[in-house]
Structure formats: C-alpha cells, structure tokens
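Colleague: What follows is a single structure, and I will ask about it in a moment.
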Amino acid sequence: MILVTGALGQIGTELVLALQEKYGKDKIIASDLKEPGNYNGEFVKCDVTDLNSYDKINDENGIKIVYHLAAILSATGEKNPELCRKVNVNGLENVLKVAKKCNQRLFCPSSIAVFGPDVPRENTPQNVELNPETVYGITKVKGEELCDLYFNEHNIDVRGIRYPGLISWKHRPTGGTTDYAVEMYFDAIENGKYECFVSEDTRLPMMFMDDAIRATLELMDAPLDSLNYHSNYNLSSMSFSAKELADEISSHIDFECTYQPDYRQDIANTWPISINDEDARNDWKWEPKFDISKMTEEMITNLRRLNE
Ligand code: NAD
Ligand code: SER
C-alpha cells in the first residue's frame, strides 16, 4: 500500500491521480490535515506532526511506500516560522521514524529554496554550500540532511527532488512564492488581468506539473545503485521572468498584468534564476517535455474548459 501525505495540496492533487493510474485505486491512500471534499478514492485524515496517529495509520494499512508532501510553503512559512518548522522538520522526523520502523521506501521533496543568495544564481550547481535565508529554505535544508542521515545510518531508501516552482491547472496553489506564475494564468482566464506580487523582471526556475509528476515517478522507479544523490536532486526545465510569462499569455488572450511587489519579492530575490540538473539527467535520464509555450497552451486550454 502507498500513502500520500499532504495529498490535497498542489502536487498531491495530481500525484495521487498518477499513482492511482499506475498502481490501481485500491493501492493508494490519500491523507491530509484538511477534509477531502469530493475526493475519489481512499482517504484518511492525518496530521504528520502527531507521531502516534501517523504511526497507527501506517500500521493499520500496511504502508510500504510514502510520498510525503505535507508541508508549509515559503510565503506562509515566512509569516508563521514556528508552524513551518513544526510541519517541515518535526513532521518529517515522524515520517522518517515510522519509515525505519516499518521498513518503508520514501519520497520527500525538497525545493530550490535550499539555495541562498551567495550561490551562483545562474545554472546553480547540484553541490554548493546551502545557506538559505528564508525560514522555509532552512527547514528544507534540514529535511535533506535528515533524509540523508536515515539513508546512510538506517538504510532507508529515501529519494527527493529540489522542485522548481510548479505550474498546474488542477489546483490553485496558496502559500508559496512561485504561486504568482499559476495565479497569472487563472486570473488571465477568469478576469483578463492580474496584479503580480513580484516585479516584472523577477526570473525563477519553473516547471509544468506533468513534467514534475513524471520526474517523481521516474526517480522512484530508478535502480538504487544508479543514484549518486538521494533526497536532493536538482531538477530543471525552464526559467522566465514574470513579464515574459505575461507576454506569453498575452499572445493567446487579451490580458493585462500589473506589478505590485510585496514581501514575497524578498524571498524570490534569494532564489536561483536557473538550475543545473545534469546529475538527474545522467543518473536517471531525466528530460523535461514542456517549455513555456507548450505549457501555456496546456494551461489556457484546460483553464478555458474549466471556466466554460
Ligand atoms: P501545498 O501547500 O499545496 O500542499 C501541502 C498540503 O499539506 C496541504 O494540503 C496541507 O493541508 C497539508 N498539510 C499541512 N500541514 C499538515 C500536517 N501537519 N499534516 C498533514 N498535512 C498537512 O504544497 P505542495 O505545493 O503540494 O508541496 C508539496 C511538497 O513539495 C512540499 O514539501 C513542498 O515544499 C515541495 N515543493 C513544492 C513546490 C511547488 O511549487 N508546489 C516547489 C518546491 C517544493
Ligand atoms: N514553490 C515553492 C514556494 O514558492 C518553492 O518551494 O514556496
């Protein structure tokens, strides 16, 4: 059986569907702190910061693989550092403890937020000193370290990707800094305009969700002995400025974007512009399929359909 924590979030919404398709609906248990609404499949309410109840859910369901997506993202984390540390670090510790007890395989994502402002911001390498300035980034570095510790000292097969900002149409994200790129599409379709919370020249690494889900499944399927890293693979597909994205959307629909940077600009300013992912490409043959124009066609087609 496979458990997905944080399953009602931006990634979980799509990863659960992909896992159901790959392994069968009866093999996947989705879980989250929130109530599921009209979720189609097996769901159990679960707070990962509560070790006893998390342990019980794993025991009772014979869980052998966990996709651990429960987390607090960067913008919410900056506003509520204590909650961010509790969920991202203590919650992960609980997941790792149970993985050790039940001999589970794990997927625990990291983020481009692990990089601070003092690394090369263009083509940021896999191996650099990690000195993030954001609370979220600090918790993500701690997460990578904990995962490596469990891999090295307890033989837990734990894998993870430093996802770039993810763009998707099935779920409108909240709480992240890269959310502006998703909101721009949603608001363009719904209102024809968007006020962007970062400046027009803000350039960050981004990825379409279909590529991110495929990367996740491919990494989990890769032979262990082909992997030179575990919880912290750099992954890349595209980078663009907020204005380049707005221009791309405007080439399809009548759309006006204005820029009103807020506290999230300071977070974005400390993150890389582009990522070097040659280790993922070498070790498990990662290759992205979506660029900005192919992604924009998919986003607009699907959001238009949903708004009809
Ligand atoms: P999200 O915020 O959309 O979803 C997280 C889910 O976790 C939410 O549904 C929330 O209810 C749940 N949750 C929060 N606290 C919980 C708790 N104590 N117990 C159980 N569930 C809890 O996040 P996401 O975008 O789906 O991100 C998933 C993972 O991927 C996170 O580790 C995040 O850091 C990482 N990541 C995401 C992105 C991105 O652009 N979406 C980029 C880089 C890394
Ligand atoms: N997309 C995430 C965020 O903005 C990065 O990990 O918080």
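Nothing in this text is a laboratory measurement; each read-out follows from the coordinates by a stated rule. What you see is a predicted model, and the numbers here were worked out from it, not measured in a lab. Cβ coordinates were reconstructed from backbone atoms using ideal geometry, including for glycine residues, and neighbour counts include every protein chain displayed.
Colleague: Bin width 20 Å, origin at 0, all Cα-Cα pairs of the chain: what percent of pairs per bin?
Modeller: Histogram of Cα-Cα distances, whole percents per bin: 34, 60, 6.
Colleague: Based on the alpha-carbon gyration tensor of the stretch 69-126 and its eigenvalue square roots a ≥ b ≥ c, which shape applies: rounded if a/c is under 1.5, prolate if not and a/b is larger than b/c, or oblate?
Modeller: oblate
Colleague: Around Lys243, what is the net charge, scoring Lys/Arg as +1 and Asp/Glu as -1 over all other residues with Cβ under 9 Å from its Cβ?
Modeller: Overall, the nearby charge balance is -4.
Colleague: Could you work out the helix-only [θ] at 222 nm for the chain, with each DSSP H run of four or more residues adding -39,500 (n - 2.57) and the total divided by the number of residues, to the nearest 500 deg cm²/dmol?
Modeller: -13000 deg cm²/dmol
Colleague: Using the Karplus curve 6.51 cos²θ - 1.76 cosθ + 1.60 with θ = phi - 60°, what ³J(HN,Hα) values do you get for each residue of the stretch 44-58, in whole Hz, with x for Gly and Pro?
Modeller: 9, 6, 7, 9, 5, 7, 9, 4, 4, 6, 5, 4, 4, 4, 5
Colleague: Still on this structure, please answer the following. Using only the alpha-carbon atoms of the stretch 1-64, report the extent along each of the three principal axes, biggest first, to the nearest angstrom.
Modeller: Taking max minus min along each principal axis of the Cα atoms, the stretch 1-64 gives 30, 22, 17 Å.
Colleague: With unit charges on the beta carbon (Lys/Arg positive, Asp/Glu negative), name the residue among Asn155, Val182, Leu83 whose Cα is farthest towards the positive pole of the charge dipole of the chain.
Modeller: Of the candidates, Asn155 comes out farthest on the positive side.
Colleague: I would also like to ask the following. Specify which residue in the list Ile11, Asn127, Asn38 is farthest towards the positive end of the charge dipole of the chain, using unit charges on the beta carbon of Lys, Arg (+1) and Asp, Glu (-1), about the Cα centre.
Modeller: Asn38
Colleague: When Lys and Arg each count +1 and Asp and Glu each count -1, what net charge do the other residues less than 13 Å away from Gln126, Cβ to Cβ, add up to?
Modeller: -4
Colleague: Okay, moving on. Under 1.5 on a/c is rounded, so check that first for the stretch 111-176, then, if it is not, pick prolate when a/b is larger than b/c and oblate when it is not; a ≥ b ≥ c are the square roots of the alpha carbon gyration tensor eigenvalues.
Modeller: oblate
Colleague: Any chance you could run the full-extension gain for Asn269 through Asn302? It's 0.36 nm times the residue separation minus the Cα-Cα distance, nm to one decimal.
Modeller: 8.8 nm
Colleague: If you add up the charges near Gly143, with Lys and Arg at +1 and Asp and Glu at -1, over every other residue whose beta carbon is less than 12 angstrom from its beta carbon, what do you get?
Modeller: Net charge in that neighbourhood comes out at 0.
Colleague: Just the number, please: Stokes-Einstein D of the stretch 140-190 in µm²/s, Kirkwood Rh from C-alpha pairs, 4 °C, 1.567 mPa s.
Modeller: In µm²/s, the coefficient rounds to 97.
Colleague: A further question on this structure: Listed highest first by mean packing, meaning other Cβ atoms within 10 Å per residue, what order do 117-125, 232-240, 141-149 come in?
Modeller: Most protected by this proxy first, the peptides run 232-240, 141-149, 117-125.
Colleague: Quick one: work out the % antiparallel among DSSP beta bridges in the chain, nearest 5.
Modeller: Around 10 percent of the beta bridges assigned by DSSP in the chain are antiparallel ones.
Colleague: About the Cα centre of the chain, what is the dipole size in debye to 20, counting +1 per Lys and Arg Cβ and -1 per Asp and Glu Cβ, all else neutral?
Modeller: Charge dipole, the chain, about its Cα centre: 880 debye, nearest 20.
Colleague: For the stretch 228-281, rounded, prolate or oblate, judged on the Cα gyration tensor with a ≥ b ≥ c (square roots of eigenvalues), a/c < 1.5 rounded, else prolate if a/b > b/c?
Modeller: Here the stretch 228-281 falls in the oblate category.
Colleague: Ok, one more. Kindly give the semi-axes, whole Å and largest first, of the ellipsoid equivalent to the stretch 168-308, taking each as the square root of 5 times a Cα gyration tensor eigenvalue.
Modeller: Working through the eigenvalues yields semi-axes of 29, 18, 12 Å.
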